[in-house]
Structure formats: C-alpha cells, structure tokens
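Take a look at the structure set out below.
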Amino acid sequence: MNANVLRSDWPTPTPSPEPRKRDRFDSFEDVQRLACRRLPRSLFVELATGGGRGITLRENMRAFDDIMFRPRAAVFQERRDLRVSVLGTPISMPVLIDPIGGLRLFHPSGGPAVARAAGNAGTICAVSMVVGHTISEVTAAATGPLWQQLYMLQGREAAERTIDEAQRAGYTALVVTVDTAVRARRQSAMRINVKNMLEFGPELIVRPAWTARFVRDGMQLAVPNAVLAAANAFPRYTATWDDFAWIREQWRGPLVVKGIVSADDARRSLDVGASAIIVSNHGGLTLDGAPATLRKLPEVLEAVAGSAAEVLLDGGVRQGTDVVKAVALGARAVLIGRPYAMALAAAGETGVRHMLEVLRYEIERTLALLGCPSIAMLDRSYLQPS
C-alpha cells in the first residue's frame, strides 16, 4: 500500500470550462491531432517526436502497454479517492506538471496559463528555467503550488539568480535536471524569427491563427531566465554531483533530482540531499536508446528503500491507465509533459485544464474497473505478475 497520509486540507479542483466545440478532445490522440492542425509543422514535429530515431520515446510508451491489470471482480465503490501528498503538499490526483521549455511558442499564454490550470486542477506545476516567461509572470498567474526547475546554463551566477527569485516568490521545491549534459534535441523551432520568415513562410501561411498570435506577442523567443548558447555549441546544461553542495547552500527547501534511471544514481541523489527523485529520460529527447522509465522504476525504488525520499516518474504517460500502472508499481505520482503541451497548443489554458480533467476521469474510471477504492490502496496486486 502507498504511504499517502490523507489530510484535512486537500485541494478541491475548480470545475474546468468546456472547450469550444472545435477544441474538444477526449484523449491524448485527439489533442495531438488538434495540436498538429494548430502548430506550424516544424514546431509540431519538435513537440511530438523524440531524439535520434525516437527509440526511447517509443519504449517509454511501450513499457506501459506491456503491463496488464489484475482487476477484482464483483466489487463496487460509489466513490474513488484520487488524492495524494507529494513532499508534504496535498494534491487532488497523482499527476503533476512537468517542466517544459519554450511553452510560449506553443501558445503566447505559455507558463502562466499552465500554472493557473494546474492550480485550478489542485496539483503542482513544475516550471522550466527556460519556459519563456519570467518567474514573476508565472508566479502572478499561479493558483497553486509551484516548483522551480534548474539548469546550469550559465554557471552558478545565473543559477543563483534563479534560485533566489524562486525562493522569494514562494516556490516550494527545486527540481535539478541531471540528464541533459548538453542541449536536448528540441531546438529548430527556436530559429523562427523575423530574419528567416521566408524559410518558415509556407508553414506560417497555412497556420494563420498561430502566426497572428505569435506576431501579437512580439515574436517572443528570448528566454528571460537564461541566455541560450549558439545552436552549434555544446554548453553544459546539467548540474554535476559536485554542484549539489553549493545548491544546498542556496536553496532552503526540498530538493528534487530529475533524470535518474539507475540504482547507483538514485543512491547518489540521496547522498546529495534529495527529498524526491524523478525517474526520467527527458521524454526521450536526449539520449536515444536510454531505458524506458517505467522499466527502471523498480530498480530506483529498491535503491532508495528505507529512506524518506519519494519517487516520481515521467516519460510515456499518455492516459489515466498509465498513471494507475505507475502508482501501482510504487511511484508516488507521475509528471506529464507532452499531453499538456499539446493541449496548450490546441486550446490555450482551457485546453490544459480540460486535459487534466480527462486524465482525472480516466484515473477514476480505471480505479472503478479495477475494484480499487483509492490511489492510496494501489499496489502490485492490481497488476498481472510479470
């Protein structure tokens, strides 16, 4: 059984507005088709595909497909409890928002809209250091708890500024990404600017709504919290283990290490003071051929057994059944990336809120069909033996 302690101060999700008829979707596949119709082709390809030949991207999803449920028969509960607590923060379901850079390109409302949607859904929003909006802009829009993600893009000076601003703004955890030694593959869309409009002209002409929003937003491509290096360079993005002592001196709250897929690195994360670990391969965007996160979850859980560290997972989560499988295997919760980014591209903030409600419905329906009364009761007994 998961050790989620139920509390009296659980957040109540705010009802999500119904998307316009042309923006409606009922699954990840639906919203992906919508995003494909709304975004310029290059930008959609950057969002939808993985690094290299996409092996890790596919394996992340295939790992979920390979696990079968073991439902209880002749069981019915009138209500299912989806609530969990992550690093002491109560949330309405075991789904958090993963940090994604460049959200402003998918929709001008970007990071602020996603933070507001997450808060209205009663969950945590982790904000990328390169989201496209300033920390203060995201903070002003947020309606729930925020985590700040950190790269070491410009060394410790820039990192210190980000940590200090997030700390003063009340962010509750720092997420240090350690699986991106150099830039992730997603980058070609960042070349859309006034100087090369002719190159992208045919794509922009057939996406007039996106183009109009992009122009009205001032064609914003700058990253307020960092300066990206030249596209042909290999700057250091990741924090190293040697950086963590310094990071702990700067950051007073819980520390989350993101990008762990091995027992050795999980134990190393505990050594540097991690309160939580995210089993992650950057959504298949970095090293193509890295192992699927769901398959590495048991190894990481075993490595941190007996500690107080919480283990979360991202990569390949596309529907409610995926969430339930990950939690049944022992994850505290999951983080989603592409599902909400596609929804943002398709319908802005309303799309993100609707995507979270689709996942909530799917999780609750899966629990009902499993005969499981709550997320807290999920364990491996609800899965077929491997």
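The values are calculated or read from the model by the stated rules, or taken from the named source; none is laboratory data. Bear in mind that the values here come from a model prediction, so they are computed numbers and not experimental data. Using ideal geometry, Cβ is built from the backbone for each residue, glycine included, and neighbour counts are taken over all protein chains shown. Accessible surface areas use protein heavy atoms only, side chains included; no ligands, DNA or RNA. Shrake-Rupley method; radii C 1.70, N 1.55, O 1.52, S 1.80 Å.
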Could you please state how large a percent of the accessible area of the chain is carbon and sulfur, counting protein chains only and using a 1.4 Å probe?
53 percent
Could you sort R332, R72, R156, R24 by their accessible area in this structure, using a 1.4 Å probe and putting the largest first?
R24, R156, R72, R332
Which of the three applies to region 78-157, rounded, prolate or oblate, going by the alpha-carbon gyration tensor with a ≥ b ≥ c and a/c under 1.5 meaning rounded?
prolate
Accessible-area value, E46, 1.4 Å probe, nucleic acids and ligands omitted, Å²:
10 Å²
What residues have an amide H closer than 5 Å to that of A333, excluding those fewer than 5 places away on the same chain, when H is modeled at 1.01 Å from N in the peptide plane?
L313
Enumerate the calculated ³J(HN,Hα) couplings along region 42-54 in order (Karplus 6.51 cos²θ - 1.76 cosθ + 1.60, θ = phi - 60°), each rounded to whole Hz, writing x wherever the residue is Gly or Pro.
4, 5, 5, 4, 4, 6, 8, 9, x, x, x, 8, x
DSSP-defined beta bridges in the chain - what % are antiparallel, rounded to 5:
15 percent
So how strong a dipole does region 290-368 carry about its Cα centre when Lys and Arg Cβ are +1 and Asp and Glu Cβ are -1, to the nearest 20 debye?
140 debye
Cα gyration tensor category, rounded, prolate or oblate, for region 16-140 with a/c compared to 1.5
oblate
Can you give the local net charge around P94? Use residues other than it whose beta-carbon is closer than 14 angstrom to its beta-carbon, Lys and Arg +1, Asp and Glu -1.
-3
Quick check on region 265-386: take the gyration tensor over C-alpha atoms, sort the square-rooted eigenvalues as a ≥ b ≥ c, and tell me if it's rounded (a/c under 1.5), prolate or oblate.
oblate
Residues with amide H under 5 Å of D81's amide H, sequence separation 5 or more or different chain, H placed in the peptide plane at 1.01 Å from N; which?
S374, I375
For the chain, what is the accessible area per residue in Å², given a 1.4 Å probe and the full set of protein chains?
42 Å²
Name the residues whose placed amide hydrogens come within less than 5 Å of the amide hydrogen of Y237, ignoring near sequence neighbours (fewer than 5 apart) on the same chain.
V182
Which of I205, I67, I260 ends up with the largest GNM mean-square fluctuation for the chain, with Cα atoms connected below 10 Å?
I205
Mean-square fluctuation maximum in Gaussian network of the chain, Cα pairs under 10 Å, restricted to A74, A35, A376, hits A74
Under 16 Å by backbone N from the virtual spin label 7 Å along Cα-to-Cβ at R70, the residues of region 321-358 are 325-330
